[in-house]
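Have a look at the structure below before the remarks.
The values are calculated or read from the model by the stated rules, or taken from the named source; none is laboratory data. Computed from a predicted model, the values in this text were never measured in an experiment. Cβ placement follows ideal geometry from the backbone for every residue including glycine, while neighbour counts extend to all protein chains displayed. We work out accessible area using only protein heavy atoms, side chains counted, and drop any ligands, DNA or RNA first. Shrake-Rupley method; radii C 1.70, N 1.55, O 1.52, S 1.80 Å.
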Amino acid sequence: MARVERMEAFMKKGEELEKSLTESRRKLAEAQRRVQELVSASTPEAKADLAKAQEEEKQLKKQERSWEKKMQEHRIEEKKMPWNVDTLSKEGFSKSVVNVKPEKEEETEEEKEEKHKTFVEKYEKQIKHFGMLRRWDDSQKYLSDNPHLVCEETANYLVIMCIDLEVEEKHALMEQVAHQTIVMQFILELSKSLKVDPRGCFRQFFAKIKTADQQYQDAFNDELESFKERVRGRAKIRIEKALKEYEEEERQKRLGPGGLDPVEVYETLPPEMQKCFDDKDIQMLQDAITKMDPTEAKYHMKRCIDSGLWVPNAQADEEGDKDKEESDEPQYEEVKKADQ
């Protein structure tokens, strides 16, 4: 318990140093702006104020260097700080993850996929809960209570979740989860730059983003907007692919005995033949075939049979073998005459 409390105190100290450094830089920027305004003034009062402002600027520069030095020392100390037994015993921690320089070989794609699947099966509900949070403080507290969520697997799941929501046309919800996705990605990037485990630096991210560092905030917002555009693009591709697959499935279901699509065959038929099929008039079809060029008639009728548009013995199947001889032979007679 004492070790855990010391670690919490250490992380809190880091947050306070970050805030102090940011505040120091803000005051220095104001002092420098004040000096620039007074430089162009020529009145005695302005000159006196200028000297005072320059002295203040000098002192603030010293303070900034002091805070930067303390911040640097804190980061060095953080890198050297070993993980204690209490930390390692918590669910979600492992030697292979905590170790900055793991000895094991890089994971294969199959291993990564299996690791992701196992993680999601175990923590899917918690990941979704984090994805729905809105306030910085709520997100920080939830990760403090569930530090195992600060990892690549959570970020990857949130990305997929965003695409799924966009496909379902839940646009507002997608944008909310997208925000949390970029939160996780920024934490992971910060951990890479500091070369520490992401579970040991997520508080620094929140300390930085909550102090309204404009440059950092702009970078976050820019990445968020870019990410949402990528999600929309990916969702569009997925929808188009799904539509093509559906259309192909429907086409396969329509294929006739000869492997042709009746819709495609119908669209290539001469208008007079299309009208026969529209009206379902067999006699009209026979008359149209008789009037056509024999080669063209044979070509179109073969395609109609191969696509299932025309089934020569359909009527016979309904009326029996005897009726087949009486009903089908005249139809073939008409085609035969056309061939001759």
Counting only residues in the range 291-314 that are hydroxyl-bearing (Ser, Thr, Tyr) and free of Cβ contacts under 8 Å to residues at least 40 places away in the same chain, the one farthest from Pro262 (Cα to Cα) is identified as Thr295
Glu153 modelled with pLDDT of 75 or more, within 24 Å of Leu194 (Cα to Cα), open to solvent by less than 50 Å² (accessible area, probe 1.4 Å) and in contact with a helix residue (DSSP H, G or I) (Cβ under 8 Å, 6 or more places away or on another chain): yes
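Can you tell me which residue is farthest from Asp164 (Cα to Cα) among those in the range 233-265 that are open to solvent by less than 60 Å² (accessible area, probe 1.4 Å) and in a helix (DSSP H, G or I)?
At the first step, the residues of the range 233-265 found to be open to solvent by less than 60 Å² (accessible area, probe 1.4 Å) are 233, 235, 242, 250, 255-256, 258-262, 265.
Still in the list and also in a helix (DSSP H, G or I): 233, 235, 242, 250, 262, 265.
Working: Gly233: 12, Ala235: 7, Ala242: 13, Glu250: 24, Pro262: 35, Val265: 37 Å.
My answer is Val265.
Residue-by-condition table, conditions (1) open to solvent by 40 Å² or more (accessible area, probe 1.4 Å); (2) more than 30 Å from Lys141 (Cα to Cα); (3) not in a helix (DSSP H, G or I):
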position	(1), (2), (3)
Glu16	yes, no, no
Lys19	yes, no, no
Ser24	no, no, no
Leu38	no, yes, no
Asp49	yes, yes, no
Glu55	yes, yes, no
Gln59	yes, yes, no
Gln63	yes, yes, no
Glu68	yes, no, no
Going through (1) within 14 Å of Phe130 (Cβ to Cβ); (2) open to solvent by less than 30 Å² (accessible area, probe 1.4 Å); (3) of a type outside the set (A, V, I, L, M, F, W, C) one by one, Ser191 fails only at (1)
The condition from (1) touching a residue at least 12 places away in the same chain (Cβ under 8 Å); (2) open to solvent by 20 Å² or more (accessible area, probe 1.4 Å) that Asp197 misses is numbered (2)
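Which residue is most open to solvent (accessible area, probe 1.4 Å), if the candidates are limited to the range 70-98 and must be part of a helix (DSSP H, G or I) and at pLDDT below 50? Walk me through how you get there before you give the answer.
Residues of the range 70-98 that are part of a helix (DSSP H, G or I), as a first pass: 70-80, 85-88, 95-98.
Those left that are additionally at pLDDT below 50: 85-88, 95-98.
Values: Val85: 106, Asp86: 47, Thr87: 11, Leu88: 65, Lys95: 168, Ser96: 64, Val97: 62, Val98: 13 Å².
Result: Lys95.
Residue-by-condition table, conditions (1) in a helix (DSSP H, G or I); (2) open to solvent by less than 20 Å² (accessible area, probe 1.4 Å); (3) within 28 Å of Leu243 (Cβ to Cβ); (4) in contact with a Gly (Cβ under 8 Å, 6 or more places away or on another chain):
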position	(1), (2), (3), (4)
Glu110	yes, no, no, no
Glu114	yes, no, no, no
Lys122	yes, no, no, no
Val177	yes, yes, yes, yes
Gln180	yes, yes, no, yes
Gln217	yes, no, no, no
Original post:
Is there a residue being touching a helix residue (DSSP H, G or I) at 6+ places or on another chain (Cβ under 7 Å), aliphatic (A, V, I, L, M) and part of a loop (DSSP other than H, G, I, E, B) anywhere in the range 192-213?
Top reply: yes
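Conditions tested, residue by residue: (1) at pLDDT 90 or above; (2) not β-branched (Val, Ile, Thr).
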| residue | (1), (2) |
| --- | --- |
| Ile182 | yes, no |
| Leu190 | no, yes |
| Ser193 | no, yes |
| Cys201 | no, yes |
| Ala219 | no, yes |
| Arg232 | yes, yes |
| Ile237 | yes, no |
| Tyr246 | no, yes |
| Gln252 | no, yes |
